[in-house]
Amino acid sequence: QLPKGILNKKSTGVGGTFLAITSKDNYIIAVPTVELIQNKMYQHTGLFGIYSGIKFSAFKNYIKNNTNYKILTTYDSLTKTIKWLTDLNLNAYSDFKLLVDEYHKILNDYSFRDKAINRLLKESLQFDYYTFLSATPINAKFVPKELAAIDYYEIEWKNTTSVKPIRLKTNKPFLKVVKI
């Protein structure tokens with residue numbers, strides 16, 4: 001189970017989002033891009049993605065035909081997701097856990113997505129249970145004030161191998177092979 005608070009997983013592709021997707025709990029998974037939603041929906045069944053252009057009628061049908069909900073939404077569409085759940089007599093804040101994936105994007109994208117990021121932070125902290133997840137966390141001195149007081153966790157991996165990339169100049173980059 002993902003902890004409530006901020007989780008620095010320190011490594012990519014280790015199953016953080018997978019835990020939410022396969023959990024018995026209802027989850028809303030907020031991600032920064034539509035492409036990430038589409039990628040997860042390609043990999044897993046039983047997910048519903050909410051972003052620009054998705055119709056309420058399709059969402060209503062998903063809720064009607066499922067009992068365990070896994071909703072992927074962009075940061076920008078989290079407010080719409082909460083409203084749609086409310087319209088269907090579900091309480092997003094208490095009936096769902098929230099996973100904010102790639103939460104370092106909160107800082108990276110703020111300069112051009114400030115309204116979406118501010119709404120994301122405001123809505124996220126109203127959930128009874130939330131996890132902000134990243135393998136590249138925000139430096140403590142830059143963590144938004146809204147997140148400064150919540151619990152922080154790090155995963156300590158044992159028996160890991162570090163890879164040090166070496167740059168090679170070539171006029172045929174696609175013909176090179178990576179060696180580990």
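Computed values, structure above
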item	result
Cβ-derived FRET efficiency at R0 25 Å, Lys169 paired with Thr136, nearest 0.05	0.35
Asp95 versus Lys115: modelled label distance in nm, points set 7 Å from Cα along the beta carbon direction	2.8 nm
Filter on Lys60/Lys141; Lys60/Lys145; Lys40/Lys158; Lys9/Lys169 - keep pairs with C-alpha separation over 31 Å	Lys60/Lys141; Lys60/Lys145; Lys9/Lys169
Under the Karplus curve 6.51 cos²θ - 1.76 cosθ + 1.60, θ = phi - 60°, whole-Hz ³J(HN,Hα) for region 117-128, x wherever Gly or Pro sits	5, 4, 5, 4, 5, 4, 5, 4, 6, 8, 6, 5
Mean Cα-pair separation over length for the chain, i.e. relative contact order, pairs under 8 Å, 6 or more apart, %	32 percent
Amide H contacts of Ile29 (H built 1.01 Å from N, under 5 Å, at least 5 apart or other chain)	Ile71, Leu72, Thr73, Leu99
Vicinal HN-Hα couplings computed from phi for region 15-21 (Karplus, 6.51 cos²θ - 1.76 cosθ + 1.60; Hz; Gly/Pro x)	x, x, 5, 4, 4, 5, 5
Stretchable slack from Asn68 to Leu107, in nm (0.36 nm times residue separation minus alpha-carbon distance)	10.9 nm
Identified option (computed semi-axes √(5λ) of the Cα gyration tensor in Å; candidates (1) 31, 20, 17; (2) 25, 23, 16; (3) 27, 22, 17)	(1)
Pairwise FRET efficiency - Gln1 versus Glu35, Cβ, R0 = 35 Å, nearest 0.05	0.80
Backbone HN-Hα couplings from phi across region 39-55 [Karplus 6.51/-1.76/1.60, Hz, Gly and Pro as x]	4, 5, 5, 5, 7, 10, 8, x, 9, 10, x, 10, 7, 3, x, 7, 8
With at most 11 neighbouring Cβ atoms within 10 Å, loop trypsin sites (Lys or Arg not before Pro) (DSSP) excluded, longest segment of the chain	56-157
For Tyr152, distant residues with modelled amide H under 5 Å away	Ile6
Stretch gain in nm, segment Thr161-Lys145, where the contour uses 0.36 nm per residue and the Cα spacing is subtracted	2.3 nm
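Each reported figure results from applying straightforward, stated rules to the coordinates on display, with no laboratory input. Please read all numbers here as calculations on a predicted model, not as lab measurements. All Cβ positions, glycine included, derive from the backbone under ideal geometry; neighbour counts span all protein chains shown.
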